[in-house]
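Here's the structure, in structure tokens; my notes come after.
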Amino acid sequence: MITRIILSIIFGGLAFMIQVSFIAALPFPLSAGLLVVYAGAYFTQHLGVQDGIVWIVAAGIVSDAFGLAPPGYGTVAALCTGAWLFFASTRIFSHRSLYGIVSCVITTTLVFQLAAALVLVVFLLLGREIDWQGQANLALWGMLFSLPMAIILFKVCSPFRPILERVGFRSERL
Amino acid sequence: MRRFTVRTGTRNRVLIGIGICMIAAILFFRTSLLVIISPFERVLTATSSSIGSIWTGLFRGAEESARADACEAQRNTFAVSAAHMDELERENTQLRSRLAFTQRTRFQTISASIIMRSITPQSRTFVIDRGSTDGIVVGAAVIAGDGILVGKISSVTAATATVVASTDPSSKIASTLLNHSRTIGLSEGGTASLMTLRYIPHDEPIAINDLVMSSGLETGIPAGLIVGMVNAVHKEPTAPFQEAIIEPPEDIRRLTSVGVLVNSL
């Protein structure tokens, strides 16, 4: 149990670190990738464990804690995405095939973008100026990257699944 | 749809455990955690910047990219020299009238590496690996190169500080336009990676490529730091004021290290 918790924190932390240190410094559109969302959705859907939801929510909270996003933006968007991912992975996408995983990753990314847009609508109502065109570009590229990223994660991580199951990442679905 | 049941007891315990550990790590051990991970993040940031240059080179063509980079560096050097000359001239005048020399020398620079960043249309912020133990305070100026203002410290912990870039929509910097009348205004970040110098009366002359510098009217930000160059002027006869669009000389996406100006007195 302890090994699993530590590994989960390492995986989630690593994904967040790569997101904010590596991907964020790449030129647009490469910087539009949402690694934590893709990895969280993949992990939750493929392994059947919900640690990925915790990663996404924690990443949102950390973004707000460090002031990397406007106040509340990261947390609210991440909570909505986490709620959707929980619902989708337990009730909608029951298959762990490539198609099931790709669908789950894409819809989770879509929900993240919609939740982010909703938060921005609230900001707009509060009098903040919003760059909708820039946001739409970012969302579009984020969505476009979700497909190849889901396929890459599936191809790269599948061989490690038995190892992960051995250390405690066993599916909670029966 | 396949029906399945969930072993809620075990799952909830594990998820709550992971959640508590992650949030505790963030809240209580943030400083220690960042000290451990910042070397890795520095490597990731540097690698990413190199990949960014290659990516830009792919689309521009290697030769054109090198020429553009050289021109950009030359432009920045000229801007720094012009700003420095102007500052020296002004300082000289001030020195002759009163002994204000200390104002120029009371700041010292602390070098810092960027370990996290968020560059989206709604926010342009980054986190550096220096904090209050190094003497960094909220409101301190963050510079790149030889006196190019890139942002201000917005929050600080023992080992890290968050910087709001000058192009962030929430950023406001007291600035001076290097024209004949030394127009004073407020450079505000916008939705694109540009700034706007607002509330300039119509009779103030503004030209493209005029330098914009910090005015020194803000605590923590000395006068003479380069904010940017005038890229366009919006002048509508019906509007009470004209606006200058300012282009910052540095792209924060490319930066890997910065300097923080702290008061040495």
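The values are calculated or read from the model by the stated rules, or taken from the named source; none is laboratory data. Fair warning: this is a prediction, and the values are worked out from it, not measured in the lab. Neighbour counts run over all protein chains shown; Cβ positions are idealised from the backbone, glycine included.
Points to keep in mind about this one:
- None of A:Phe123, A:Phe86 is over 21 Å from A:Val54 (Cβ atoms) and within 14 Å of chain B (Cβ to nearest Cβ) except A:Phe123.
- Among the candidates A:Ala83, A:Ala58, A:Ala15, residue that is within 16 Å of A:Ser146 (Cα to Cα), in a helix (DSSP H, G or I) and not β-branched (Val, Ile, Thr): A:Ala15
- For region A:127-138, taking the residues that are within 20 Å of the chain's Cα centre (by Cα) and free of Cβ contacts under 8 Å to residues at least 60 places away in the same chain, the one that is nearest to the other protein chains (Cβ to nearest Cβ) is identified as A:Gln135.
- Subset of region A:1-17 that is aliphatic (A, V, I, L, M) and out of contact with any Cys (no Cβ under 8 Å at 6 or more places or on another chain) - its residue that is surrounded by the most Cβ atoms within 10 Å (Cβ to Cβ): A:Ala15
- From the options A:Thr90, A:Thr108, residue that is hydroxyl-bearing (Ser, Thr, Tyr), assigned to a helix (DSSP H, G or I), farther than 28 Å from B:Arg124 by Cα and out of contact with any His (no Cβ under 9 Å at 6 or more places or on another chain): A:Thr90
- Test for A:Val37: is it aliphatic (A, V, I, L, M), facing chain B (nearest Cβ under 8 Å) and either part of a helix (DSSP H, G or I) or under 13 Å from the mean Cα position of the chain (by Cα) (or both): no
- Residues of region B:166-206 classified as within 12 Å of chain A (Cβ to nearest Cβ) and part of a loop (DSSP other than H, G, I, E, B), total: 9
- Residue within region A:64-72 that is within 12 Å of chain B (Cβ to nearest Cβ), part of a helix (DSSP H, G or I) and surrounded by 22 or more Cβ atoms within 10 Å (Cβ to Cβ) present: no
- Condition check for A:Leu118: over 15 Å from the mean Cα position of the chain (by Cα) and touching a residue at least 24 places away in the same chain (Cβ under 8 Å): yes
- Of all residues making up region A:18-34, the number that are assigned to a loop (DSSP other than H, G, I, E, B) and either surrounded by fewer than 22 Cβ atoms within 10 Å (Cβ to Cβ) or modelled with pLDDT under 85 (or both): 4
- Each residue in region A:93-105 was checked for being assigned to a helix (DSSP H, G or I), surrounded by 16 or more Cβ atoms within 10 Å (Cβ to Cβ) and either without any contact (Cβ under 8 Å) to a residue 40 or more places away in the chain or of a type in the set (A, V, I, L, M, F, W, C) (or both), and 5 of them qualify.
- Residue that is surrounded by the fewest Cβ atoms within 10 Å (Cβ to Cβ) [pool: residues in region A:45-55 that are in a helix (DSSP H, G or I) and within 11 Å of chain B (Cβ to nearest Cβ)]: A:Asp51
- Test: residue in region B:123-145 that is within 21 Å of B:Thr47 (Cα to Cα), over 12 Å from the mean Cα position of the chain (by Cα) and among the polar types (S, T, N, Q): no
Table: residues versus (1) over 15 Å from B:Met195 (Cβ atoms); (2) buried (at least 21 other Cβ atoms within 10 Å of the Cβ).
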{"residue": "B:Asp210", "(1), (2)": "no, no"}
{"residue": "B:Met213", "(1), (2)": "no, yes"}
{"residue": "B:Gly220", "(1), (2)": "yes, no"}
{"residue": "B:Ala223", "(1), (2)": "yes, no"}
{"residue": "B:Asn231", "(1), (2)": "no, no"}
{"residue": "B:Ala239", "(1), (2)": "yes, no"}
{"residue": "B:Glu247", "(1), (2)": "no, no"}
{"residue": "B:Ser257", "(1), (2)": "yes, no"}
{"residue": "B:Val260", "(1), (2)": "yes, yes"}
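- Within region A:1-12, the set of residues being facing chain B (nearest Cβ under 9 Å), touching a helix residue (DSSP H, G or I) at 6+ places or on another chain (Cβ under 8 Å) and part of a helix (DSSP H, G or I) comprises A:Arg4, A:Ile5, A:Ser8, A:Ile9, A:Gly12.
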